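Taken together, the values in this text are just the output of simple stated rules run on the coordinates, not laboratory data. No experiment lies behind these values; they were computed from the predicted model shown. FYI the Cβ positions are ideal-geometry reconstructions off the backbone, even for glycines, and counts take in every protein chain you see.
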Amino acid sequence: MAASFEHVPVLSKEVLHFLNPRRGGVYVDGTVGGGGHAELLLDQVQGDARLIGIDRDPEALEAASARLERFKDRVTLVRSNFSALQSVLDRLGIDSVDGVLLDLGVSSHQLDTEERGFSYWGNKLDMRMGPDAEKTAAQLLAELDEGEIERILREYGEERWAARIARFVVERRKVRPIVDVEDFVSVIKAAIPAGARQGGPHPARRSFQALRIAVNRELESLETGLAAAVDRLRPGGRLTVISFHSLEDRIVKTFMRDESKGCTCPPDLPVCACEKKPRLRVLTRKPVAAGDEELKANPRSRSAKLRAAERVFVEREF
């Protein structure tokens, strides 16, 4: 239910600083969740700024609708993946925007709802962020071959024991299907040697991250969404992204760096042939992290990293 949907926005002061919202602007919150960041943005502007909130999760949109009720004339909520930003804005008749925010974390509500299967204490092994995801986590574990499971765990979870876990998954499903969280956690614990499970984070953390990324095609969505955001930003518009693990942060960092560069031709080429112009100016030399005060109030902010960039004017050559 929407009433139980908690959305504590991380790095809220930093988001407002780098997004720099102003009266009359049009802003996109591509992962609106429960509306926490959106509410802060609209409160700060106190004018006729417009906000487009996008989310895959119907429960999130229900919560955001209730939270943003007082701004309803200035808010449009859309159930979609932020990777479809171009088509969302086309349908709304919006050519360009003044800012785009992407908060890539899993919400507290999603983590704490057992039926969603994002946490180690859940029941159904689902992990879908929205009904647009084609397969549940349980379906992937049942259908993928051993090599593909290993690849997912290694690439998306950076899991040292990916090969053993994949092998144990395949052996377990010969006996009975892996349908709930407890099943998957027990397989992971059986696969990882006892000595490697002493201390540190939960032994299933990396595997859960990997499977969630695969279910929701998160990295592909991020790459597409970042490109779409820059395409639609007006000169001076800001792109602000909060990531929660190294794979996401690496994609954001690389994307912003590449978009801030001009000519990529070999240095020995006398005349530029690529005609590439910088489209972004990076505003964060290093990722911005939560301070001590926020970490005490919201421990889930500990892995949040914010990066921001500004759209620059690209002069066309005729």
| Amide H contacts of Val28 (H built 1.01 Å from N, under 5 Å, at least 5 apart or other chain) | Ile52, Gly99, Val100, Leu101
| Can you give the percent of C-alpha pairs in region 134-216 whose distance is more than 16 Å? | 44 percent
| field | Charge dipole (debye, nearest 20) of the chain; +1 at Cβ of Lys and Arg, -1 at Cβ of Asp and Glu | value | 720 debye
| Based on the mean of other beta carbon atoms within 10 Å per residue, what is the order of 171-184, 8-21, 233-246, most packed first? | 233-246, 8-21, 171-184
| Taking the Cβ of Leu140 as the center, what net charge do the other residues with Cβ under 10 Å away carry, scoring Lys and Arg +1 and Asp and Glu -1? | -2
| query | Between region 192-260 and region 281-315, what is the C-alpha centre distance in whole Å? | reply | 14 Å
| In the chain, with Lys and Arg counted as +1 and Asp and Glu as -1 at Cβ, which of these residues, Gly99, Thr31, Phe18, has the Cα nearest the positive end of the dipole, that is, farthest along it? | Phe18
| Ranked highest first by average number of other Cβ atoms within 10 Å, how do 293-303, 61-71 line up? | 61-71, 293-303
| query | What list of ³J(HN,Hα) couplings, whole Hz, do you get for region 84-98 from phi and the Karplus terms 6.51, -1.76, 1.60, once you set θ to phi - 60° and write x for glycine and proline? | reply | 8, 3, 4, 5, 4, 5, 4, 5, 8, x, 10, 7, 8, 10, 9
| remark: Percent antiparallel among DSSP beta bridges confined to the chain, rounded to 5, stands at 40 percent
| Candidates Val100, Val187, Val252: whichever shows maximal mean-square fluctuation once the chain is modelled as a Gaussian network with Cα springs under 10 Å | Val187
| task | Kindly provide the helix-only [θ] at 222 nm of the chain, computed as the sum of -39,500 (n - 2.57) over DSSP H runs of four or more divided by all residues, to the nearest 500 deg cm²/dmol? | result | -12000 deg cm²/dmol
| remark: Residue by residue through region 173-181, the couplings from Karplus 6.51 cos²θ - 1.76 cosθ + 1.60 with θ = phi - 60°, in Hz, x for Gly and Pro, are 6, 5, 8, 7, x, 8, 10, 10, 4
| query | If you wrap a convex hull around the Cα atoms of the chain, how much volume per residue is inside, in Å³? | reply | 161 Å³
| With charges set only on the Cβ (+1 for Lys and Arg, -1 for Asp and Glu), what does the dipole of region 238-318 come to about its Cα centre, in debye to the nearest 20? | 200 debye
| field | Protection proxy ranking, peptides 27-35, 271-279, average beta carbon neighbours within 10 Å, highest first | value | 27-35, 271-279
| task | Please list, or write none, the lysines whose alpha carbon is within less than 28 Å of the alpha carbon of Lys135, excluding same-chain residues fewer than 8 places away. | result | Lys124, Lys174, Lys189
| message | Apply the Karplus curve 6.51 cos²θ - 1.76 cosθ + 1.60, θ = phi - 60°, to the phi angles in region 272-282 and return the couplings in whole Hz, x for Gly and Pro. | response | 4, 10, 7, 6, 7, 10, x, 10, 10, 10, 6
